[in-house]
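Inspection log for the structure reproduced underneath, given as structure tokens.
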Amino acid sequence: MYDYQFVRVPITYRSGQIESASYQEVTAQHAREGWRLVQILIENPAAVAAEYVLIFERPIQQP
């Protein structure tokens, strides 16, 4: 069985390009905590996306 975590990350733009540092930092931090990135999605796509939803999973620790 797996535990899932959904993390919203604001999308930041610099010179018209998406700044990847924001979601890379979140992904690296979760990886250090034992989470695995499953998917990145944009929940409500619009002309300009405002945030990503990062989906992480990790095995549930059995007692």
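Read-outs throughout are calculated quantities, based only on the coordinates presented, and are distinct from any laboratory measurement. Source: prediction; values computed, not measured. Cβ coordinates were reconstructed from backbone atoms using ideal geometry, including for glycine residues, and neighbour counts include every protein chain displayed.
At a glance:
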| quantity | calculated |
| --- | --- |
| Extended-chain gain in nm, criterion 0.36 nm per residue less alpha-carbon gap, residue 33 and residue 62 | 8.8 nm |
| Cα-based convex hull volume of the chain per residue, rounded to whole Å³ | 73 |
| Distant-in-sequence amide H partners of residue 12 (H built 1.01 Å from N, under 5 Å) | 19 |
| Net charge, residue 43 excluded, C-beta distance under 13 Å - Lys, Arg +1, Asp, Glu -1 | 0 |
| Cα-based helix-to-principal-axis angle, 21-32 vs the chain, degrees rounded to 10 | 0 |
| Point-charge dipole on Cβ atoms (K/R +1, D/E -1) for the chain, about Cα centre, debye to 20 | 100 |
| Gain in span if fully extended, residue 9 to residue 48, counting 0.36 nm per residue against the direct Cα distance | 12.6 nm |
